[in-house]
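Visitor: Input: one structure, supplied below.
The values are calculated or read from the model by the stated rules, or taken from the named source; none is laboratory data. Predicted model only: the values in this text are computed from it and were never measured. Here Cβ is always computed from backbone atoms with ideal geometry, including for glycine, and neighbour counts include all displayed protein chains. Surface accessibility is based on the protein's heavy atoms, side chains included, excluding ligands, DNA and RNA. Shrake-Rupley method; radii C 1.70, N 1.55, O 1.52, S 1.80 Å.
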Amino acid sequence: MKLSLAGSNLKPIQLVSLLDEVKQAAIKIEQKAARNEGIASLAGMHELKKLLLEEVVAPLREPEKFRRYGVTIPNGILMYGPPGCGKTFIAQRLADELGYSFYEISPGDVASSYVHGSTSMIRQLFEEAMRSRPALMFVDEFEGLVPARSGLGGEQRFKAEEVNEWLVQIGSCAQKRILFVAATNEPWLIDLAVRRSGRLDKKIYVGPPDEAAIDEMLRFHLRGRYVDAQISTKRFAADISALGYSASDLKLIVDEASKMAMGLDQPIDATHLERAATERVPPSISDELQLAYSEFAR
């Protein structure tokens, strides 16, 4: 693509700024083409991928069609579920699928020792995202940023002001072409006004990987290692799929199985995976925690 500036009235400093913007846009396009990653790159989790494509990606790609039928365009998403199940990774792949810029924010990014300092920083973060819109703004550990205001008092009174600022900023994300995605392990701690429709329209549960995802993740983590040619991860995945292993647990299982096999000077096989899961890596997601998420969903 060629850009002609002949006959323009731009001053030198304006010209440099414009060329820099064009260069950055070209870099983003090249990076997107090189990655070519999106929802399809997620291992297993077919129901989750179907939900994201139908209820998030489709409305944002064809907004006029959805408006014609009176179906609202997603303003924000609350991803909730156990730790270590890939909420950040899913948000990144969603941004890739949409072709959006990806902005990741942690609680530390809005921390301030000054009164009213955090509210100013919240505004600045949204202004920054607007400069590269369309953008996906991802905020992890969201429960710590927007706790229920009914429980705030004393020295925490300024926290209510921060929650109010989040409410203002999140409420207009759709008009700003920003998709706001918040992640939490404890959704019940978030202020009710933040969770309501019009702010976080979609509540999406990101649970432990299913059987297909476990199989694919295990095979991914075993790549490049000294593995028995006859190893079967599929059967092992079926055996542990209902036990509450997170995505991060699976990487640990493969690491521990590798250490066992190395100690015996053997190739890694299913026996080592089974021993690692039984003896060294208990599932990190309890039945009680999964029940709590089911209660929240209802």
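Visitor: In what order, largest first, do H221, H272 sit by accessible area if the probe radius is 1.4 Å? Intermediate values should be presented prior to the final figure.
Guide: On the way: H221 40, H272 5 Å².
Descending order: H221, H272.
Visitor: If r is the Cβ-Cβ distance from N164 to A238 and R0 is 30 Å, what FRET efficiency results, to the nearest 0.05? List each step's numbers first, then the result.
Guide: Working: r = 49 Å, r/R0 = 1.63.
It comes to 0.05.
Visitor: To continue, here is another question. Top to bottom by accessible area (1.4 Å), largest first, where do K49, K251, K159 land?
Guide: Details: K49 25, K251 80, K159 50 Å².
Correct descending sequence by accessible area is K251, K159, K49.
Visitor: Find the accessible area per residue for region 40-102; the probe is 1.4 Å, ligands and nucleic acids are left out, and the unit is Å².
Guide: On the way: 2950 Å² over 63 residues.
For region 40-102, the per-residue accessible area is 47 Å².
Visitor: Show the residues, 5+ positions off or on another chain, whose built amide H is closer than 5 Å to the amide H of F102.
Guide: L136
Visitor: Within region 242-273, whose backbone N sits under 14 Å from a point 7 Å along Cα→Cβ of Q230?
Guide: The answer is 267-272.
Visitor: Distance check, please: which entries in K50/K202; K49/K87; K159/K203; K176/K203; K87/K251 exceed 19 angstrom between their Cα atoms? Please list the in-between numbers first.
Guide: Values: K50/K202 14 Å; K49/K87 13 Å; K159/K203 24 Å; K176/K203 21 Å; K87/K251 16 Å.
K159/K203; K176/K203, as the Cα separations exceed 19 Å there.
Visitor: Report K176's accessible area, 1.4 Å probe, all protein chains in place, as a number in Å² to the nearest 10.
Guide: Answer for K176: close to 40 Å² accessible.
Visitor: Moving on. Take the solvent-accessible surface of the protein heavy atoms, probe 1.4 Å, and return the percent of it on region 121-217 that carbon and sulfur atoms account for.
Guide: Values: 2030 of 4320 Å².
Taking all protein chains in place, region 121-217 shows 47 percent carbon and sulfur surface.
Visitor: So, one more: Averaging over every viewing direction, what projected area does the convex hull of the Cα atoms of region 156-298 cover, in nm²?
Guide: Numbers: hull surface 48.5 nm².
Over every viewing direction, the Cα hull of region 156-298 projects on average to 12.1 nm².
Visitor: Would you give the gap between the C-alpha center of region 115-145 and the C-alpha center of region 189-215, rounded to a whole Å?
Guide: Comparing the Cα centres of region 115-145 and region 189-215, I get a distance of 20 Å.
Visitor: For the residue pair F89 and S101, what label-to-label distance in nm results when each label sits 7 Å from Cα along the Cα-to-beta-carbon direction?
Guide: 2.7
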